[in-house]
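Working notes for the structure below.
The values are calculated or read from the model by the stated rules, or taken from the named source; none is laboratory data. Small disclaimer: the values here were computed from a predicted structure and weren't measured. Methodologically, a virtual Cβ is constructed for each residue, glycine included, from the backbone with ideal geometry; neighbour enumeration extends over all protein chains shown.
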Amino acid sequence: MNRKTNLYVLAAMLFVALLAMPAVSAAEELPEGEAAQADDNQNTVSAAEKTSYGYMAIGAGLAIGLAGIGTGIAQSHTGAAAVGAVAEDRGNFANSLIFIAIPETVVILGFVIANQIMGLTGH
C-alpha cells in the first residue's frame, strides 16, 4: 500500500474508535456503594461526564484545526493568484486583498463553533 492509502486507513480506524468510545464509557456505572458515596461528595465527577468533556475538547480542537488547515490551503491558491494579478496590474490590489481575506472567515467560524462547544460544559 502507498502512504496515502495508509493515511486513509489510519484516519478511518481513528474515526471508528472515537465513535465507539463514548458509548462504552457512558454504559459504565458505579457500584451501589460507590454511587452513594459519590452523591455525598459534591466535587466528584462521574466517568461519563469526564469522557464527554474530553470529547467536547477534541471536537473543539478539530473545529479550529481543520478550519485552519482548510484556510491555509485556500489562501495558498488565492494568494498565488493575487500576487500574479497585482504583478500584471497594480489596480487589482484592493480586489486581491478582499479575496485573500475571505478564507479567513472560515477560521473565525471554527473559533466560534469551538467556543460554543466548550461553553456547553459550564466549566
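Looking only at residues that are part of a helix (DSSP H, G or I) and of a type in the set (S, T, Y) in the stretch 95-123, which one is surrounded by the most Cβ atoms within 10 Å (Cβ to Cβ)?
Initial filter on the stretch 95-123 (part of a helix (DSSP H, G or I)): 95-101, 104-119.
When the remaining residues are screened for being of a type in the set (S, T, Y), the result is 96, 105.
Values: S96: 17, T105: 11.
Among residues in the stretch 95-123 that are part of a helix (DSSP H, G or I) and of a type in the set (S, T, Y), the one surrounded by the most Cβ atoms within 10 Å (Cβ to Cβ) is S96.
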request  = Examine the stretch 83-94 for a residue that is out of contact with any helix residue (DSSP H, G or I) (no Cβ under 6 Å at 6 or more places or on another chain), outside any helix (DSSP H, G or I) and either of a type in the set (S, T, Y) or surrounded by 12 or more Cβ atoms within 10 Å (Cβ to Cβ) (or both), and state whether such a residue exists.
outcome  = no
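Residues are listed down the side, and each one gets a yes or a no for (1) of a type in the set (A, V, I, L, M, F, W, C); (2) over 30 Å from L19 (Cα atoms):
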{"site": "S52", "(1), (2)": "no, no"}
{"site": "Y55", "(1), (2)": "no, no"}
{"site": "I64", "(1), (2)": "yes, no"}
{"site": "I69", "(1), (2)": "yes, no"}
{"site": "T78", "(1), (2)": "no, yes"}
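Modelled with pLDDT of 85 or more and out of contact with any Leu (no Cβ under 7 Å at 6 or more places or on another chain), is that true of G33?
On the way: modelled with pLDDT of 85 or more: no; out of contact with any Leu (no Cβ under 7 Å at 6 or more places or on another chain): yes.
No.
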